[in-house]
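In what follows, a single structure is set out as structure tokens and then discussed.
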Amino acid sequence: MEGIDRTTLWTVIILLGLGSFGLRFVFTGLVGDRVMPEWLLRHLRYTAVAVLPGLVAPLVIWPTGTGGNFDLPRLVAALVTLGVGYATKNVLAAIGSGAASLYALLYLLG
Amino acid sequence: MPSSHPRTPYWQGFRDGLPFLLVIAPFGLLFGVVATEAGLSVFETLTFSVVVIAGAAQFTALQLMSEHAPTAIVLASALAVNLRMAMYSASLTPHIGAAPLWKRAVIAYFTVDQSYACSIVAYEENPSWSVAQKTAYFMGTVTPICPMWYGFTLVGSLIGSAMPSGLALDFAIPITFLAIIAPALKTPAHRAAALASVLLSLAFSFLPYNLGVLVAGLGAMMTGAQVELWQDRRKEDL
């Protein structure tokens, strides 16, 4: 697309870089080893399982690869990945079986 | 996770980060291609990835700039997409907050979905690790991930629009994250938080700029904390 203005582009790159670093540094850097209250720590313990499933769920139900249309192979692949990962606690086994079921179903149904 | 192996935390992190190449390679490639098509030079594209180092936010900014949105809107939207990084930062702080400032700055720069997800799971499984071992593990996860983000951005911008399609590569992201999260669902509180996250994220997906994910994250953290409290109380009653 001709027409992203060079000043805009570099302003965005630099300020977005600074802003993103600021978001990442705000606690790690500024709080450091000061003790945080127990109620806050109790919430922070669940950050990973609270954010990542929410990040993934819309991509499973409305996949970008199908223009947002529901896709059975992708849903099944997601459930297989989750189930195998939960049962085996093995990340690579989960990825492998998820990818295998995705391609198998895309082949069978496609 | 095999924590009994005589592997150093750095190499354990390296190994745990490796599967994410499946995500980083196509995602970086795609950003390079899309940025080139939007008129960015190879140098501009690579600088974008090195300075910002956040795929989803970069795509958001690029898209809005192509639509000639005002600079303030571009920045606000892309930063909103990145707000979850502040949650990651808070979550990492109890583990690595005692590291030297320069190390915390390096960790902050490299805090991405993948390095955070691997590290927080490993820290919970290895509570005996020292701060130095925890930072070493973190840098281990970063080693196969972040240089590849730069590298594949560069490759994408060099090959331009000759992208492979039809490989369903969009789904590399959900599969790798689900694989990381599934073994972490070890208590009822963790499972309740994950379920709340999915339901809230879908219910609030109408919100612009990925804000639904933030609503889901906050709601799910509260769910996890409440279930933990409720369980502790039940244990005391028994």
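The values are calculated or read from the model by the stated rules, or taken from the named source; none is laboratory data. On a predicted model such as this, the values are computed, not experimentally measured, just so you know. Cβ atoms come from the backbone with ideal geometry, glycine included; neighbour counts cover every protein chain shown.
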Of A:L9, A:L30, A:L72, A:L41, which residue is out of contact with any Phe, Trp or Tyr (no Cβ under 6 Å at 6 or more places or on another chain) and over 27 Å from B:A220 (Cβ atoms)? A:L9
If you check B:S119 against the conditions, is it facing another protein chain (nearest Cβ under 10 Å), of a type in the set (S, T, N, Q) and closer than 17 Å to B:D16 by Cα? yes
Considering every residue within the stretch B:111-132, establish whether at least one is part of a loop (DSSP other than H, G, I, E, B), buried (at least 22 other Cβ atoms within 10 Å of the Cβ), modelled with pLDDT of 95 or more and in contact with a Phe, Trp or Tyr (Cβ under 6 Å, 6 or more places away or on another chain). yes
Being at the interface with chain B (Cβ under 7 Å from one of its Cβ atoms), on the phi < 0 side of the Ramachandran plot, under 16 Å from the mean Cα position of the chain (by Cα) and not in a loop (DSSP other than H, G, I, E, B) is the requirement here; does A:L82 meet it? yes
Checking the condition facing chain A (nearest Cβ under 9 Å), outside any loop (DSSP other than H, G, I, E, B) and touching a residue at least 60 places away in the same chain (Cβ under 8 Å), which residue from B:L202, B:L229, B:L154, B:L214 passes? B:L214
When B:A86 is evaluated against the numbered criteria (1) within 11 Å of chain A (Cβ to nearest Cβ); (2) buried (at least 23 other Cβ atoms within 10 Å of the Cβ); (3) small (G, A, S), which criterion, by number, is the only one it fails? (2)
Would you pick out the residues in the stretch B:169-199 that are at the interface with chain A (Cβ under 7 Å from one of its Cβ atoms) and not in a helix (DSSP H, G or I)? B:L185
Quick one: in the stretch B:91-110, which of the residues that are assigned to a helix (DSSP H, G or I) and buried (at least 19 other Cβ atoms within 10 Å of the Cβ) is farthest from the other protein chains (Cβ to nearest Cβ)? B:H95
Which pairs have Cβ atoms under 8 Å, sit 6 or more apart or on different chains, and link a residue in the stretch A:57-83 that is touching a residue at least 12 places away in the same chain (Cβ under 8 Å) to one that is buried (at least 21 other Cβ atoms within 10 Å of the Cβ) and not in a helix (DSSP H, G or I)? A:R74/A:P63
Is it fair to say A:N69 is more than 7 Å from every other protein chain (Cβ to nearest Cβ), polar (S, T, N, Q) and within 24 Å of B:V81 (Cα to Cα)? yes
Do the conditions hold for B:E44, that is, is it more than 24 Å from A:R45 (Cα to Cα), at pLDDT 90 or above and of a type in the set (D, E, K, R)? yes
Looking at A:L59, A:L15, can you tell me which residue is under 25 Å from B:A38 (Cα atoms), touching a Leu at 6+ places or on another chain (Cβ under 7 Å) and within 7 Å of another protein chain (Cβ to nearest Cβ)? A:L15
Can you name the residue in the stretch A:20-36 that is more than 7 Å from chain B (Cβ to nearest Cβ) and in a loop (DSSP other than H, G, I, E, B) and, of all such residues, is surrounded by the most Cβ atoms within 10 Å (Cβ to Cβ)? A:L30
